[in-house]
Structure formats: structure tokens, C-alpha cells
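The values are calculated or read from the model by the stated rules, or taken from the named source; none is laboratory data. Given the structure is predicted, the values throughout are model-derived calculations rather than measurements. Here the Cβ is made from the backbone with ideal geometry for all residues, glycine too, and neighbour counts use every protein chain on show. The area values use the complete protein model at the heavy-atom level, side chains included, leaving out ligands, DNA and RNA. Shrake-Rupley method; radii C 1.70, N 1.55, O 1.52, S 1.80 Å.
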Amino acid sequence: MERFLHLHVVSKASLPCSEPDGESRVMLKLNAGERILCPGFNCSDNSQVTWYKDSKPVSEQNRESCSDNGLLLLCTVSEYDTGVFFCDRNIIERQVHWTYRRSVQVTVRAQIRANEPPHIVHRKTTEEVEIGHSHSLVCQVHFPFELNFSREVQWYKNPGGNMDNQIQLRVDKQELRQEWLPIDRHQVTATTLIDKVTTQHLRDTFTCVASNKAGTNNVTISLRRKIMGKHPCLVGYPVAFLVVVTVLALVLRRNWLELQLLTRTHCQYGKRLRDKEFDVFLSYDSSPTAAEVMIDSPTAELKAGCPLISAEPVGFELSRILEDCWGYRLCMTERDLLPGGVYRDDVESAIQRSQMVICVLSPDYLTNANTLYVLESGVQALLKTSIQKLLLIQTSHTPTGIAQVHSAVVHRAMKVLPSLVWNSGGTDGARSSFLKSLRQSLPSQQVDKGSHKQG
């Protein structure tokens, strides 16, 4: 469906209902009954007028008002009446139906209080200044509203504080602003500038005088030297930041080994390391006294058909469980290192070819130089990410041997390295939990069996 609209443009001056300039502005008194006349109402016989405010008919707004003979009667003027009102009338001009709309700019003001003196707004009677710098003296004055507004604001200097010998100062800047609601008033701000503050200005006083037809008001202020304190944001904060950084650096330096071991343990574990021949490098003390530590493995945690030995040293029993029952490739010093070589070089080489290292800590293990070197080599390999993990297995007799360890690296490493505790006198549930935790600590992917080379 198509619609055609015909727009007829004519000159405003050619219309008999064109209102003269200034007719569409009106001033109303606050809290009084007022009326607003529709501009150009008398140029037409049509007296039906519809008034609008904020795009809504005034008759539909929640207020007391009525329209009579082109007049909008406001029973009580409020501050919200400030704004633009529109009046619409339907007229016929040159046989064309027109909607005649005119606007009225309404300003609401309080009752005129010209019989009141001005009020000076000045919160402080003393201002802080810096010697050798410029300073502005600002006087803010509120004058009651007057139709024929007259005012005077002036600054004076009182040498030595003597107000009988005042010297008039030049007002460098004066601003006038009108504020209507909630109180009609004129606001005047007068500013005078002191180009360079001297010690003499600290002995003088300064007076702002404001006057109108109703009276005069004044305020006197004095100047005080500004105390230049320390700037914590420029001195204190950088020092505090430097102290914090220093403390953190000392903490990191002191615990750097522990942090590296923790990072390597949790970040490298689970990754498949290439060119490995062994799953686990198992280190334990094989001396006869180590046979005092026994392990009794529950059948439920091992493979079906795996023979059990109820009384064996924990190192031997662990090697049997890991290799015979769980199928991991082990490297042990007594079995896999070739005789006649350099022990330390062979140990380091075997650790480099293993995915992880397990050390069974017994009192004799911690006092044996060879086994202790294996533990230190495992720590160094973990720091170099040559192995995935270094696991410590402690027994009920381990704490008695820790006190005899003289290696600082071992002491610090034992505080953060993951460990499992085996109690030879524990229940079946405790042994089952131990083997379950041990299985979870082992490499998730075993090496290729074909790559294993027996020593």
C-alpha cells in the first residue's frame, strides 16, 4: 500500500498567525498561580487549544491545571515547570487545514528578595601559600535575584593587618553566573592574583567586600606558610618496594634449590623422556643389617600368579614387585653396573638412562658414601630434567639416620622431594595403600623392552 503526502511550504511572514519576536518567552513565580498564553491565539477564531509538556498533554499529567480560551492556567508553579510548553490549534488558512503549533519557553524563579545583602561563601579564613610562588585569592559571593541587578565585589590588602589603612587590589578576573533553583540568585566570583608571595604577605591580611542595594558583607583572610612535608609517594613507596624486592630475592636465593626441585617434580612428571633404557633406577642398601626392615606384600595389590615372599629386605622385595610383578625395567647397582669401571661415572650414566629414581632410605643407606652419592646424583639429574621424578621411600628407622647425614644438598632435598613411608608393622590396609601410592608414582609409559641391555 502506497501513501502520498503533499507538503506545502509557505513563508512564515505571509501567515497572519505569525507571532512577533519575544512573545514566546514567559517568567513564572515559584509556588504561585500563573497562566501561559498561546502565542498568536487572537489571530484565529478557533479557541480549541491543546497544551503539551515533555511530549505529553498537560491535561494527562498529574498536576492541577486547566486550559481556558487559549490560556494554560497553572494552579501552583513548581520548579519542574521550567522548560518548553507547546500549544496546538487546528486552523484553516487558504482552504488548507493547518495544525498551528507554537512553543513557549518558561522560566521559573523564586520570589525576588532584593532586600537581602549578599552572602560571601568562604570556608577558610587562613590559606596556605608557598614562598616565591604565585597565589590566587578567590572570593565567591551569592547575590539575591534582582531584575535590575547591581553588585560590587572588591579585594583589599590590609598592611600588617591594619584594616584602617586598606589598599585596593586589582581584580584580575570576575565571573557572573545565574542560578535559578531552588533559590534564585546571582553568583559572582572575583579573583585577584599575588604574583610572588613574600614573607611580608604573611604579615598582611586580605579582605573581600561585597555590596548591593540592601547592604554590605565582607570576609578577611590571612596567609600561612605551607609546611613542605615529605612525599611518601616519592620516597616511601620506592623504598618499601625495594625492601620487598630484596626480601623476595633473599627468600628465593635461600630456597632456590627447593623451588627447583618442586618445579621439576611437578612439571616434568608424566612426560615421556626419549632414549631411556630403564623405567626405574632402584637404589637401596644391601648390607646384612638392612634385612631388619621387612615387607609383607598383600596379594590383592600384585598380579595374579606372582609368588610372594613374606620376609625379605624392603629393597629386594620392591625390586621383585616392580620387575617381576608389574613388569618395569629396573637398574640396580649390584646387578646392572659392569665391574671394573669408575663407580661414580657408572652411577651417573645409569641414572641418565632411567626415567625415574627410587631411593629406599635406611639408617645404613644414609651413612654409606656410595648410596648417598646415588641420592645426590639423582637430585642433580632432576635439576637438569634428565629424569622425571625422584621418589624417596622412608622406613620407621629412617629418622635415626637423617641426623647423621652431613650433605646439605641431601638435607634440603629430603624436605621437598615426594616420599612414601613404609611401616613394617602396619596393617594390611596400610600396606595396600602404600603399594597403591607407589604404583601411581611410577612412570605412566614403560620403556621398550627391546631397548633394555643387561649389564
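Couple of notes before you dig in:
- Residue-span extension gain [N165 to H6] - 0.36 nm each, minus C-alpha spacing: 49.3 nm
- The residues L282, L193, L420, sorted by heavy-atom accessible surface at 1.4 Å with ligands and nucleic acids left out, run L193, L420, L282 from largest to smallest.
- Amide H contacts of L30: R109, A110, Q111, each under 5 Å away and 5 or more positions distant or on a separate chain (H built 1.01 Å from N in the peptide plane; Pro and chain starts excluded).
- Sequence of M228, M163 from largest to smallest accessible area, 1.4 Å probe: M228, M163
- Applied to the range 374-381, the Karplus parametrisation 6.51 cos²θ - 1.76 cosθ + 1.60 on θ = phi - 60° returns per-residue 3J(HN,Hα) values of 4, 5, 5, 5, x, 5, 5, 5 Hz, with x for Gly and Pro.
- Near K389, the amide H atoms lying under 5 Å from its own belong to V357; only residues 5 or more places off or on other chains count, and H is placed 1.01 Å from N.
- For V447, distant residues with modelled amide H under 5 Å away: D279, R329
- Karplus (6.51, -1.76, 1.60) ³J(HN,Hα), θ = phi - 60°, over the range 336-351, in Hz, Gly and Pro reported as x: 9, 8, 5, x, x, x, 7, 4, 5, 5, 5, 5, 4, 5, 5, 5
- Fully extending the segment from Q260 to H406, taken as 0.36 nm per residue of separation minus the present Cα-Cα distance, adds 50.4 nm.
- Protection proxy ranking of 203-213, 1-11, 341-351, by the mean of other Cβ atoms within 10 Å over each peptide's residues and highest first, is 203-213, 341-351, 1-11.
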